[in-house]
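Below you'll find the structure, written out as structure tokens, and then a few comments.
The values are calculated or read from the model by the stated rules, or taken from the named source; none is laboratory data. All values reported here derive from a predicted model rather than from experimental measurement. Neighbour counts are summed over all protein chains in view; Cβ atoms, including those assigned to glycine, are modelled from backbone coordinates with ideal geometry.
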Amino acid sequence: MKKLEFSQDATLTQILESVKATQESEISLDLPEKSAVLLNPINKEIIERFAKKNGKRINIKVGVSAKAAAPPEGDFGFVEGEDILQKKPEIGEKVTSPPVNMEEKKPEDVGATAKKEGGFFKFFSKLKGRKRLIVFGSIGAFLFATVFFVSFWFVPSANVKINLEFETISNQVTLTASESVSEIDIEERVIPLTVEEVTKSGDETRKSSGKLVIGAPAKGRITVGNFSIVTTKKFPAGTTIKTVTGQNLGLEFTLDTEVSIPKASFSGLSIIAGQSGVNATAKAIGNAGNAPASTEFQIASEALGTVKGVNDLAFAGGESKEVKAVSEEDRKKLKEDLLEKLENEAKDDLEEQLEGSTVPEGGLKTEVISEKFDKAVGEESDELKLALEVKAIAKLFKEDDLKKLLIESIQSSIPEGLVVDEEKTSVEAELFETEGEDDVEILGKINAVLIPEINQEELKKNLSGKTFGSAAAYLQSLNNVPEFEIEIKPAIFRLFKFMPFNSSRINIEIITEDTLPSEGEDLEEPTLEEGKEEEEEDAE
């Protein structure tokens, strides 16, 4: 058996020529592990077929890497019995604990409680019969009266819900917010302004909506024939070739390496074309590039009668599939969403830090400090993630200042007997324009709720200690109270049918009509109708 050994850089042509020149019929072919020929698995099949065609049996062997050296044996530095075991006390060795100092405590005359005769106890011991009964009865009555008074003064509470008819009035006022003032100026319509900035960062992920076709191009090897008897043909790597036979006519490939084809020669009256083999790769991915064997190729712009390529084996490896990918729209929408989120967080943080302050519409500007997408446009991915850092600059003012100024602006339009319910009145502000570096012009909007004027402290005082009937009659006598509801807590005090005697235990709640129970709804607490019944009973 003939043994042929080749270096790592040996070409397929060199190997085939050596196999052909060998006289023995059995050949052992030894190739290194990283042989350039083995990079293409088709080459091994070409060598075996070539040997068989030349009447030889070939056994291809690939070199084996040296085995990894065994780790050296050695002492790991352990001291038996001392490094991993806790030392125990020697036999007979005493284990002592520090003495505990304790103070001795002696009870003085335990159980020796002396009872002294005389005083209060002596007085009661002398009372007999009726006198003792009168004294004990008086004490009991005093204690009962005290408990009764304390219970009815401090325990019960009442919540009086009054439904008032209300009106609304709206207005818009242009005012100025200035950094140069510290207090509100109602006459000049100026409120204090604060400019603050905060840095916010965060990340957001969204699903990709783009599509991308990915895969691998087909690869193979062709034999290029030169039919010219005049010149040698040479083509550089990257030369375009295309199919001229088969189903996919015009399918383009490129040469992987440079190839030189010798000129043709004569054998008698026949022309024998010069031949050279070269690898080629399809330009496009997909199985269309898997050209079958014996497909003919045009090389560059050469005429087929001069130069032509043919593949002895079918091209393989071409495949493609459609996957999700990142689109430009995905990145744009993700940035918009995250930027809006960080702007809202910055606004909330600033309003929380400056309690009672508000940022008007258009009063917040953001500047992107850094942005980082984890995927590029067109990159295959089911998701896209963005990390963003922004600096937000806000112009803030106190909402109470704005409300106070806007309420003052409508005072002349409020009918007599009505007042503004500040709790239910809403205000808004919109940044109008900037006046210099320190001042901004603001468009303030108010939607004021007007209710009848009620002196709540006087109302509580007049309700305290009244029966439910009398309380209902009093509330009904007020022209600006069309409907009401009384709730007593704890529930057991409803049995006495009295309002709390302590006016501070009465709470007045002004509500709108739609928050009262609807007609026909069961009421556990005294209502206007129940109050009428109590009033009739009192009259009788």
Checklist entry - Any residue in region 382-401 that is touching a residue at least 60 places away in the same chain (Cβ under 8 Å), among the charged types (D, E, K, R) and part of a loop (DSSP other than H, G, I, E, B)? => result yes
Checklist outcome for this item: Apart from one, (1) surrounded by 14 or more Cβ atoms within 10 Å (Cβ to Cβ); (2) on the phi < 0 side of the Ramachandran plot; (3) small (Gly, Ala, Ser) all hold for residue 286; the odd one out is (2)
Item to check | Residue ID - surrounded by the most Cβ atoms within 10 Å (Cβ to Cβ), chosen from residues in region 358-377 that are of a type in the set (Gly, Ala, Ser) and modelled with pLDDT under 85 | outcome: 363
Checklist entry - If you check every pair at least six apart or on different chains, which have Cβ atoms under 6 Å apart with a residue in region 484-506 that is more than 17 Å from residue 458 (Cα to Cα) first and a residue that is among the basic types (Lys, Arg) second? => result 485/161; 488/494
Item to check | strands (runs of 3 or more DSSP E) lying entirely in region 175-244 (those with 3 or more residues that are touching a Gly at 6+ places or on another chain (Cβ under 7 Å)) | outcome: 210-226, 240-243
Checklist outcome for this item: Checked region 455-476 for anything farther than 17 Å from residue 164 by Cα and assigned to a loop (DSSP other than H, G, I, E, B); matches are 464, 465, 466
Item to check | Selection within region 157-196 - closer than 30 Å to residue 453 by Cα and hydrophobic (A, V, I, L, M, F, W, C) | outcome: 158, 160, 162, 164, 166, 169, 173, 175, 184, 186, 190, 191
Next on the checklist: For the list (1) without any contact (Cβ under 8 Å) to a residue 12 or more places away in the chain; (2) in contact with a Ser or Thr (Cβ under 6 Å, 6 or more places away or on another chain); (3) not aromatic (Phe, Trp, Tyr), I need the number of the one condition that residue 130 fails.
Outcome noted: (2)
Next on the checklist: So if I check each of 408, 457, which one is within 16 Å of residue 186 (Cα to Cα) and either without any contact (Cβ under 8 Å) to a residue 60 or more places away in the chain or of a type in the set (Asp, Glu) (or both)?
Outcome noted: 408
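Hey, among 409, 413, which residue is touching a strand residue (DSSP E or B) at 6+ places or on another chain (Cβ under 7 Å), surrounded by 13 or more Cβ atoms within 10 Å (Cβ to Cβ), farther than 22 Å from residue 348 by Cα and small (Gly, Ala, Ser)? Steps first, please.
Working: 413 fails: surrounded by 13 or more Cβ atoms within 10 Å (Cβ to Cβ).
Unique residue meeting the criteria: 409.
Taking the options 175, 249, 193, 164, name whichever one is without any contact (Cβ under 8 Å) to a residue 40 or more places away in the chain and not charged (D, E, K, R). Don't jump to the end; show me each part of the working.
Values: 175 fails: without any contact (Cβ under 8 Å) to a residue 40 or more places away in the chain; 193 fails: without any contact (Cβ under 8 Å) to a residue 40 or more places away in the chain; 164 fails: without any contact (Cβ under 8 Å) to a residue 40 or more places away in the chain.
From the options 175, 249, 193, 164, the qualifying one is 249.
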Next on the checklist: Given the criteria among the small types (Gly, Ala, Ser) and under 50 Å from the mean Cα position of the chain (by Cα), does residue 293 qualify?
Outcome noted: no
Checklist entry - Limited to region 480-490, what total is found for residues that are of a type in the set (A, V, I, L, M, F, W, C) and either at pLDDT 90 or above or touching an Asp or Glu at 6+ places or on another chain (Cβ under 8 Å) (or both)? => result 2
Checklist outcome for this item: In region 32-63, anything in a loop (DSSP other than H, G, I, E, B), of a type outside the set (S, T, N, Q), more than 53 Å from the chain's Cα centre (by Cα) and surrounded by fewer than 16 Cβ atoms within 10 Å (Cβ to Cβ) is listed as 55, 63
Next on the checklist: It is to be established whether one or more residues within region 380-401 are surrounded by fewer than 12 Cβ atoms within 10 Å (Cβ to Cβ) and of a type in the set (A, V, I, L, M, F, W, C).
Outcome noted: no
Checklist entry - Counting only residues that are of a type outside the set (S, T, N, Q) and assigned to a loop (DSSP other than H, G, I, E, B), which one in region 306-341 is farthest from residue 251 (Cα to Cα)? => result 326
Item to check | Cross-chain or 6+ apart pairs with Cβ under 8 Å, region 16-40 first and assigned by TED's automatic domain parsing to the domain that holds residue 315 and under 12 Å from residue 56 (Cα atoms), then of a type in the set (A, V, I, L, M) and part of a helix (DSSP H, G or I) | outcome: none
Item to check | Hits in region 162-195 (condition: surrounded by fewer than 17 Cβ atoms within 10 Å (Cβ to Cβ) and under 38 Å from the mean Cα position of the chain (by Cα)) | outcome: 179, 194, 195
Item to check | Output for region 475-513, where each listed residue is surrounded by fewer than 18 Cβ atoms within 10 Å (Cβ to Cβ), touching a Gly at 6+ places or on another chain (Cβ under 9 Å) and farther than 15 Å from residue 152 by Cα | outcome: 476, 480
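Looking only at residues that are in a helix (DSSP H, G or I) and either modelled with pLDDT of 90 or more or of a type outside the set (D, E, K, R) (or both) in region 344-357, which one is surrounded by the fewest Cβ atoms within 10 Å (Cβ to Cβ)?
Ranking the candidates gives 353 first.
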